[in-house]
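For reference, the structure is listed below as structure tokens.
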Amino acid sequence: MNNHVNITFLGGAKTVTGSKYLIEAFNTSILIDCGLFQGLKDLRLLNWQPLPIDVASIQTILLTHGHLDHVGYLPRLIKQGFKGTIIGTAPTLAIAEIILKDSAKINEEEAKKANAENYTKHNPALPFYTQKEVEQIVAKFEVQTQDKWININNHISYRFNYNGHIIGSTFIELDIDGKRFVFSGDIGRTNDYLLSDPKRPDNADYLFIESTYGDKLHPKEAIEEKLTDIIKQTINDRGNLIIPSFAVERLQMLMFILFKLYQKNKIPNIPIFVDSPMGNNVLEVFKKFPKWHKLSASDYEAMCNHINIITSYADTWKTIDDPRSKIIIAGSGMVTGGRVLTYLQQLIDHDNTTILLVGYQAEGTRGRLLKEGTHEVKFYGKYYPVKAKVKHIDSLSAHADQSGLLDWLSVIKNTPKAIYLVHGEATAQQAFHVKLKTVYGWDSYCPALNEVIKIKL
């Protein structure tokens, strides 16, 4: 096997979730990312299956960034015999720890609730993983810096490179016996409110590139004007504006934009509540790693002082009962779980409620159903009619669009020997495949789940 590299696509294949890619070469097994499948039930059920590989043989896991669809499967490896090391940048590992602890807590609470209220087919319902398993996996975390080549052995080295998207996020270069393997992770956008522009690879023999928005260009929306109009309409309606938000990056970006709108006198001093324990913890990561973002210390403090940060579940109910018009930002961004469900359960059937969706809504999620105009949504085993107005701002996505992806590739000097499109739905991948051929003359391939590709060095 010494002159071969085996790549197994264990996730992120023809779907935007569950990213995990196994690289086997020179008697070494490396996993790039270890994400959770989200969205469609068929995909979610895959999470409960053990990986179809020898997990105990994985020596190293390299993480591109801390989102759940890139780290959320890690605790499941404990029972499958994983004894290796998990490596990422300092902010990535801080975010991953926050997200995994939150995920375990939610899993344990939902299993307990399902058993108590008997809305489960399983007897008993079990948490996907426990907080103890998260502690065991976090103990294997090892921080590595960006922009530095690190040797795994005499034949393999890796390097993390700044990639925008979320705090700590990187793309990963692997050098295997002189051949360059590039794993894009999730590519961020240029001119971001909080983050610097992504770096770009200048060389790639084998390229594994995300294709989330491979078929789309982000609309040129006047974000601040649109938000201002929605907020003024909410005040006129004497209602509530509920913004489901990802706790990492999106929530902090929304806080910053709303704070700036107030500072510029574009919106009145409407109460803003942020209800996301995980989002609060992520704010601390921003404070701890100032070199990884553009937010100044003074803006950070002023923003946090302007906004009501909810810390207890009791305050969630006080906020719901508060008769004033208000803005509520709560997780999760695709309405798959978290505190936002409590707000929607109580307020989605009020016609003076506005729900604002501000990010990618994966197939099979409540967020996607709401965006597509569903008349009812199921929470905790019961259906609720949707009388609220549903609006969306697509241009707040943290992913590069088709143009951004093409630009990210624009400084690669050589023609890659192979390009694999990952982390995208089939229609997006097909469109991006055609675009790559048209713009660069490059062929690409969309691997299937659990497909193994053998590359001869």
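The values are calculated or read from the model by the stated rules, or taken from the named source; none is laboratory data. Please read these numbers as outputs of a predicted model, since none were measured by experiment. With ideal geometry, Cβ positions are generated from the backbone for all residues, glycine too; neighbour counts draw on all protein chains shown. Only protein heavy atoms, including side chains, enter the accessible area calculation; ligands, DNA and RNA are left aside. Shrake-Rupley method; radii C 1.70, N 1.55, O 1.52, S 1.80 Å.
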All but one of (1) over 19 Å from the mean Cα position of the chain (by Cα); (2) open to solvent by less than 10 Å² (accessible area, probe 1.4 Å) hold for I243, so report the exception by its number. (1)
What are the residues in segment 438-457 that are part of a loop (DSSP other than H, G, I, E, B), within 30 Å of N47 (Cβ to Cβ) and either open to solvent by 70 Å² or more (accessible area, probe 1.4 Å) or of a type in the set (K, R) (or both), if any? N450
Could you say which residue among K288, K294 is touching a residue at least 24 places away in the same chain (Cβ under 8 Å), under 21 Å from I99 (Cβ atoms) and surrounded by fewer than 15 Cβ atoms within 10 Å (Cβ to Cβ)? K288
Answer residue from segment 120-156, given it is of a type in the set (F, W, Y) and in a loop (DSSP other than H, G, I, E, B) and is surrounded by the most Cβ atoms within 10 Å (Cβ to Cβ) among those: Y129
Kindly establish whether T190 is surrounded by 18 or more Cβ atoms within 10 Å (Cβ to Cβ), out of contact with any strand residue (DSSP E or B) (no Cβ under 6 Å at 6 or more places or on another chain) and polar (S, T, N, Q). no
Output for Cβ contacts, cut-off 9 Å, separation at least six or different chains, first residue without any contact (Cβ under 8 Å) to a residue 12 or more places away in the chain and under 22 Å from S403 (Cα atoms) in segment 175-191, second open to solvent by 10 Å² or more (accessible area, probe 1.4 Å) and not in a strand (DSSP E or B), reads N191/D197
Would it be correct to say that H433 is in a loop (DSSP other than H, G, I, E, B) and open to solvent by 10 Å² or more (accessible area, probe 1.4 Å)? no
Look through segment 338-351, keep the residues that are closer than 20 Å to A111 by Cα, out of contact with any helix residue (DSSP H, G or I) (no Cβ under 8 Å at 6 or more places or on another chain) and without any contact (Cβ under 8 Å) to a residue 40 or more places away in the chain, and return whichever of them is least open to solvent (accessible area, probe 1.4 Å). L341
Scan segment 254-281 for residues that are under 18 Å from the mean Cα position of the chain (by Cα) and either loosely packed, with under 13 Cβ neighbours inside 10 Å or at pLDDT below 95 (or both) and jot them down. S276, P277, M278, G279, N280, N281
When residues of segment 65-83 are limited to those that are of a type outside the set (G, A, S) and part of a loop (DSSP other than H, G, I, E, B), the one farthest from T28 (Cα to Cα): H67
Any hit, segment 51-61, residues being closer than 25 Å to I187 by Cα and either open to solvent by 10 Å² or more (accessible area, probe 1.4 Å) or assigned to a helix (DSSP H, G or I) (or both): yes
Go over the candidates S19, S29 one by one and state the one that is surrounded by 23 or more Cβ atoms within 10 Å (Cβ to Cβ) and closer than 23 Å to S184 by Cβ. S19
Can you name every residue in segment 341-360 that is of a type outside the set (S, T, Y), farther than 24 Å from P268 by Cβ and under 17 Å from the mean Cα position of the chain (by Cα)? G359
Determine which single condition I95 fails, assuming it passes every other condition in (1) under 19 Å from N107 (Cα atoms); (2) surrounded by fewer than 24 Cβ atoms within 10 Å (Cβ to Cβ); (3) among the β-branched types (V, I, T). (2)
Restricting attention to segment 81-90, does a residue exist that is surrounded by fewer than 17 Cβ atoms within 10 Å (Cβ to Cβ) and of a type outside the set (D, E, K, R)? yes
Unique match (being under 29 Å from Q59 (Cα atoms) and basic (K, R)) among K140, K112: K140
Residues of segment 157-170 being surrounded by 16 or more Cβ atoms within 10 Å (Cβ to Cβ) and either hydroxyl-bearing (S, T, Y) or under 30 Å from E110 (Cα atoms) (or both), in sequence order, are Y158, Y162, H165, I166, I167, G168, S169, T170
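For the subset of segment 62-80 comprising residues that are hydrophobic (A, V, I, L, M, F, W, C) and more than 11 Å from E133 (Cβ to Cβ), which member is surrounded by the fewest Cβ atoms within 10 Å (Cβ to Cβ)?
Per the criteria, the residue is L68.
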Please pick out the residue among E173, E117 that is among the charged types (D, E, K, R) and open to solvent by less than 20 Å² (accessible area, probe 1.4 Å). E173
How do the pairs read when you match residues in segment 352-379 that are more than 23 Å from T212 (Cα to Cα) with residues anywhere that are modelled with pLDDT of 95 or more and among the polar types (S, T, N, Q), using Cβ under 6 Å and keeping only pairs 6 or more apart or on different chains? T353/N240; T354/T234; F379/Q345
With the first residue restricted to segment 411-432 and required to be closer than 15 Å to Y206 by Cβ and modelled with pLDDT of 95 or more, and the second required to be open to solvent by 50 Å² or more (accessible area, probe 1.4 Å) and in a strand (DSSP E or B), Cβ contacts under 8 Å at 6 or more apart or on different chains are A418/Y445; I419/Y445; Y420/Y445; L421/Y445
